[in-house]
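Okay, structure first, notes after.
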Amino acid sequence: MDARPEGSLLRFITCGSVDDGKSTLIGRLLVDADVVPDDRRAGAADLASLVDGLQAEREQGITIDVGYRYFSTPRRRFIVADTPGHEQYTRNMATGASTADLAVILVDATKGVLPQTFRHSAIVGLMGIRRIVLAVNKMDLVGYREHCFTGIVEAYAAMAERLGLRDVAAIPLSALLGDNVMRPSAAMPWYRGPTLLGHLETVGAAPREGQPFRFAVQWINRDTGFRGYAGNVLGGSIQPGEEIVVLPSGTRTRVERLVTYDGDLDRAVAGQAVTLTLSGAVDVGRGDVISSASLPPHVSDQFAAHLVWLGDAPMLPGRPYHLRLGTATATATVSELKYRLDIDSGSHQAAKQLGPNDIGFANLSLDRALPFDTYDDNRETGGFILIDRLTNATVGAGMIRFPLRRAANLTWQDFTVDKAARATVKGHRPAILWFTGLSGSGKSTIADGVERRLTALGRHTYLLDGDNVRHGLNRDLGFTDVDRVENIRRVIETARLMADAGLIVLVSFISPFRAERQLARERLVGDAFLEIFVDTPLAECERRDPKGLYHKARLGELRNFTGFDSAYEPPDAPDLHLRTLEMTVDGEVDRIIEALQRRGVFD
Amino acid sequence: MPVSNAHLDDLEAEAIHALREAAAVFAKPVILYSIGKDSSVLLHLALKAFYPARPPFALLHVDTTWKFREMIAFRDRRMKELGLPLVVHVNREGLARGIGPLSHGAAVHTDIMKTEALKQALDLHGFDAAIGGARRDEEPSRAKERIFSLRSAAHRWDPRGQRPELWRLYNGRLNPGESIRVFPLSNWTELDIWTYIQRENIPVVPLYFAAGRMVIQRNGMLILRDDERLTLLPREMPELRWVRFRTLGCYPLTGAIDSRADRVPAIIAELSRSRTSERQGRVIDHGNGSMERKKVEGYF
């Protein structure tokens, strides 16, 4: 029922290690499908070198990045994602798998099922590929013997069952010699199944039309007298007149027209790019989902998801990232990392962060509610990426497993006396002075000077000091990157409450990471927020060493010390940049007081 | 080749999606219109993607001043028919220095009159995204190219440091000075391009169709002497042959192929039998890894 018409596109991925003969297999498919031109074939040393694209790959003889190859037979057009098998490149496999309908998992017949076979299969399962081909390669090296093949098939069947992979077709072949790739092998009369290409030509691609209707709005089409919503149908189908719901707003209306350049359609199905018009005046924007009214997606600001970490810098719970889901963008943080998945054994391990190529299961919390499906229900509306807010690199990929609704049971209680009322009583507006700099740079000395001056002026203040807070509120936290992020998150929330109480809050924390300082600025929006960079060279801080910490770090008695084995990311554009070697403490205090007056905190 | 072309619907929808993403996320995207068949398909897809509105892009043609005259005539005719705004950029400095393919060779000419010129045009107009018709099947290093491909402030491509591209979630976020090259036709092959041109009845430059043309043989290539700047060497004699072009570029660097394919169906039949790669007639691509090097430096 899910077979697509002949001539349709099949996207598949090949998974295997450097030695399984993966590049050779793809080279063989290209040669047998007769798509390799003579001039390119003549320059290739062997089948594999037809595939390895980048210079570095040719030099090292390995595949370092996802490559896409194209070929067709009279029955079907294929796109094959060639993904590296080396373990540090999990991210490339996840990338190739994200658009694939089927996975070809290569096993070397001379070696059998290996730990990497489990790893590849687990990633394939995680990425939602349901159809697997177990390609047992190098049968020529085991004398084409049947029991070698059946032994591997049985070993793999146990593994596949554990991973929930039910649709597995096993094919014995030799990529090098071409047995059972396109041409049935005369050397293996005991095998009566299809060749690899024969199987790929007839296998059904993933069905999407049976799903409930989903449409992510990409672009608003405004033309004279026309307003339409351009996008792709991401699931199910739609006809003019059908009732839909626009999410997250929840507005219900009907589809009026399905507009295309080639004329209006009577029906649009999953995969098609169309422009919808809706009945009545509806407020719809990019990022909204237009959905079946009877079977809408989840709408929530929290969900649980598998995360594949792609970035070089680790994923730290509490750190905000940009999230892209469909055409919507939001800010997301991992509120709880449940476990790290050991991809070699399938076991769950306690973890506080995810490193490059790690896979984890986590709760995510968004700054607003978005519509989504579980990834199993719809890959297009249940898969998301995370983007680093400073480098803009794509650092994570996620598959939503289920929605969380805890926040729905908590409502914000409004009280009569508000921030403005409290500020009026105090006689000044609340403000946050955020001092950042290395240990020993002079943050606490300057903050102390500022607080004394403010108190003398009759202003209401409170000073949150890094060391002091760590004696109480944050005594459970250490100095790893994960704990530093949580340390700052708690301080931000505390400063926020104090600003709400009407105080001028002085925060004196090393706060080494840009991302957390940016988070502070965003969480404290609406208040006067001054990021003050107390800029003292490391050598000078070490010379001063007021707490003896640099000495300890030099002796190796102190780990994760900022400036030594833990990074300090200086601010790019602080509100005040205090170069302490060039100024006196009094001069620095003067500049801060002036800045508060300029911001209108007091006269 | 496939008996049915259902896959063209998939490729079309994917390309339209990429074009709409570019329109939605960038401040000032531009279509790199190079007049060839891929550009013709790209332009047609842009008309489809934004219908009934006009494509919300400017078009940019980087003119090396060595394009076939028929290409320029076709370009001007199409722009007039469609009423689209076209920006033509020539590297004036390179022109003043007399840079050309015959005097300076393919490598220098391409670097200064194409790569440099493209960077100049992007900087001059402040385009933050350039949409091109490059395809992954054209050349091995292009097989690793993303659909949204990041370029540094110096327009360089870092093939080792590319952003992973999952599902259809393209990351178009930029730091100051960075830009993105968008390749909606990434997953198309040369055969897809021609079957789509046939299905959609898309106009292309007549040089793609076989005709009797006066050509000379030079360095193993059939060169059409498009104007007087190409001087004949001793013993070179123009001869009349039935030829067509598989790709179009600067005329002294673009070899014709012997062909009788004078209509689209004949070209499709010819390609299905072809034993050579598409860019084999392009002098600028020759040499191991040369396209990868050009791309790193900012070539399209």
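Things worth noting here:
- Remark: relative contact order (region B:206-285) = 33 percent; criterion is Cα-Cα distance under 8 angstrom and separation of 6 or more residues.
- Cα radius of gyration and Dmax for region A:338-472 (Å): 22.9, 64
- Cα gyration tensor, region B:206-285 - rounded (a/c under 1.5), prolate or oblate: prolate
- Nearby lysines by direct alpha-carbon distance to A:Lys552 (threshold 25 angstrom, same-chain neighbours under 8 apart not counted): A:Lys443
- Ordering B:Cys250, A:Cys148 from the fewest to the most neighbouring beta carbons within 10 Å gives A:Cys148, B:Cys250.
- Solvent-free Debye scattering, log10 I(q)/I(0), computed from the Cα coordinates of region A:278-318 at q = 0.21 Å⁻¹: -0.92
- Spatial separation of Cα centroids for region A:528-603 and region B:15-60, in angstrom: 50
- The residues packed around A:Ile129, meaning those with a beta-carbon under 11 Å from its beta-carbon, carry a net charge of +2 if Lys and Arg are +1 and Asp and Glu are -1.
- Of the three principal axes defined by the Cα atoms of region A:305-406, the extents in descending order read 34, 32, 25 Å.
- Rounded to the nearest 20 debye, dipole of chain B from Cβ charges on Lys, Arg, Asp, Glu: 200
- Counting Lys and Arg as +1 and Asp and Glu as -1 over every other residue whose Cβ lies under 12 Å from the Cβ of A:Gly250, the net charge comes to -1.
- Cα-based shape type of region A:470-598, given that a ≥ b ≥ c are square roots of the gyration tensor eigenvalues and the cut on a/c is 1.5: oblate
- Within straight-line reach of B:Lys144, meaning a Cα separation under 12 Å, sit the following aspartates and glutamates at least 8 residues removed in sequence or on another chain: A:Asp52, A:Glu57, A:Asp65, A:Asp82, B:Asp158, B:Glu165, B:Glu292.
- Where N is the number of residues in chain B, Cα Rg divided by 2.2 N^0.38 Å: 0.98
- Share of Cα-Cα pairs in the protein assembly as shown lying beyond 39 Å, as whole percent: 50
- Normalised by the number of residues in chain A, the average gap of Cα pairs under 8 Å and 6 or more apart makes the relative contact order 9 percent.
- Within straight-line cross-link reach of B:Lys119, lysines at Cα separation under 20 Å, skipping those fewer than 8 residues along the same chain: B:Lys28, B:Lys67, B:Lys294, B:Lys295
- Cα-centre dipole for chain A with unit charges at Cβ (Lys and Arg positive, Asp and Glu negative), debye to 20: 920
- For region B:192-200, putting each phi into the Karplus relation 6.51 cos²θ - 1.76 cosθ + 1.60 with θ = phi - 60° gives couplings of 4, 4, 6, 5, 6, 4, 5, 4, 9 Hz, in residue order, rounded to whole numbers and with x for Gly and Pro.
Every number in this text was worked out from the coordinates using simple rules, so none of it is lab data. A quick note: this is a predicted structure, and the numbers were derived from the prediction, not measured. A quick note on method: Cβ atoms are made from the backbone with ideal geometry, for glycine too, and the neighbour counts reach across all protein chains shown.
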